[in-house]
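J.: The following block contains the structure, expressed as structure tokens.
The values are calculated or read from the model by the stated rules, or taken from the named source; none is laboratory data. A quick note: this is a predicted structure, and the numbers were derived from the prediction, not measured. Glycine also receives a Cβ, built like all others from the backbone with ideal geometry; neighbour counts cover every protein chain displayed.
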């Protein structure tokens, strides 16, 4: 079990809602990950759909906001303060 890959588990609780990350578990393969996720995270019928993805397949930005998101700051037209509202627009 120590050498099994880590899987991230996402559960959808009701039809029409988004899947939400609920935790992680170790499993030998995707089928085992689904079964373990069902047993661990849906014991009381909390979900109607389960997604599992091997953690190594998730790519994310760092927690430093300047490193990745800095290029958007030089596009001032994307900021609401760039635009002047006409006087006729009262409620915005």
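J.: Taking residue 55, is it touching a residue at least 40 places away in the same chain (Cβ under 8 Å) and surrounded by 10 or more Cβ atoms within 10 Å (Cβ to Cβ)?
T.: Yes.
J.: How about region 53-92: which of its residues are closer than 30 Å to residue 34 by Cβ and either assigned to a helix (DSSP H, G or I) or at pLDDT 85 or above (or both)?
T.: 53, 54, 55, 56, 57, 58, 59, 60
J.: Now, a different point. If a residue must be surrounded by 12 or more Cβ atoms within 10 Å (Cβ to Cβ) and in a loop (DSSP other than H, G, I, E, B), how many such residues does region 1-16 contain?
T.: Matching residues across region 1-16 total 3.
J.: Could you tell me which residue of region 25-52 is surrounded by the most Cβ atoms within 10 Å (Cβ to Cβ), considering only residues that are assigned to a strand (DSSP E or B) and in contact with a helix residue (DSSP H, G or I) (Cβ under 7 Å, 6 or more places away or on another chain)?
T.: The selected residue is 52.
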